[in-house]
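Note sheet for the following structure.
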Amino acid sequence: MATKVIIYTQETCPPCFAEKEWLRDLNIEFEERDIRKNQEFMQEVMALGASATPVTVITDEYNKEHVIMGFKEEELESLLKK
């Protein structure tokens with residue numbers, strides 16, 4: 001089970017909207033970091049090797065970080081299932 005979910009987004013990103021809605025529908029709490037509103041978030045997402053949003057970082061119960069580039073429901077679901 002995930003202990004922390006961070007999603008890097010931007011306002012003009014339809015997949016970002018879709019992923020946030022999907023997470024809300026599953027009652028999964030997440031922290032949204034808009035890369036256009038905060039330069040530090042932009043640097044963080046670039047350091048992850050991303051060139052597009054959404055980028056989701058899931059920290060599991062073992063404190064291991066999993067990075068998902070794009071809205072990939074199956075991959076997200078496998079990491080978030082309780």
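The values are calculated or read from the model by the stated rules, or taken from the named source; none is laboratory data. Only a predicted model underlies this, so the values are computations on that prediction, with no experimental measurement involved. Quick reminder, even Gly has a Cβ in these numbers, built from the backbone with ideal geometry, and neighbours come from all protein chains shown.
Counting just the residues of region 21-67 that are β-branched (V, I, T) and not in a strand (DSSP E or B), which one comes out surrounded by the fewest Cβ atoms within 10 Å (Cβ to Cβ)?
Residues of region 21-67 that are β-branched (V, I, T), as a first pass: 28, 35, 45, 53, 55-59, 67.
This time we only want the ones that are not in a strand (DSSP E or B), so: 28, 35, 45, 53.
Values: I28: 14, I35: 23, V45: 24, T53: 24.
Taking the candidates together, the pick is I28.
Every condition in (1) outside any loop (DSSP other than H, G, I, E, B); (2) of a type in the set (D, E, K, R); (3) at pLDDT 95 or above is met by E77 except one, and the failing one is (3). Within region 1-20, if we keep just the residues that are among the polar types (S, T, N, Q) and over 12 Å from the mean Cα position of the chain (by Cα), the residue that is surrounded by the fewest Cβ atoms within 10 Å (Cβ to Cβ) turns out to be T12.
Residues of region 11-20 that are assigned to a helix (DSSP H, G or I) and either touching a Ser or Thr at 6+ places or on another chain (Cβ under 8 Å) or over 12 Å from L76 (Cβ atoms) (or both): P14, P15, C16, F17, E19, K20. Among the residues of region 1-10, just one is within 17 Å of V45 (Cβ to Cβ), polar (S, T, N, Q) and in a strand (DSSP E or B), namely T9.
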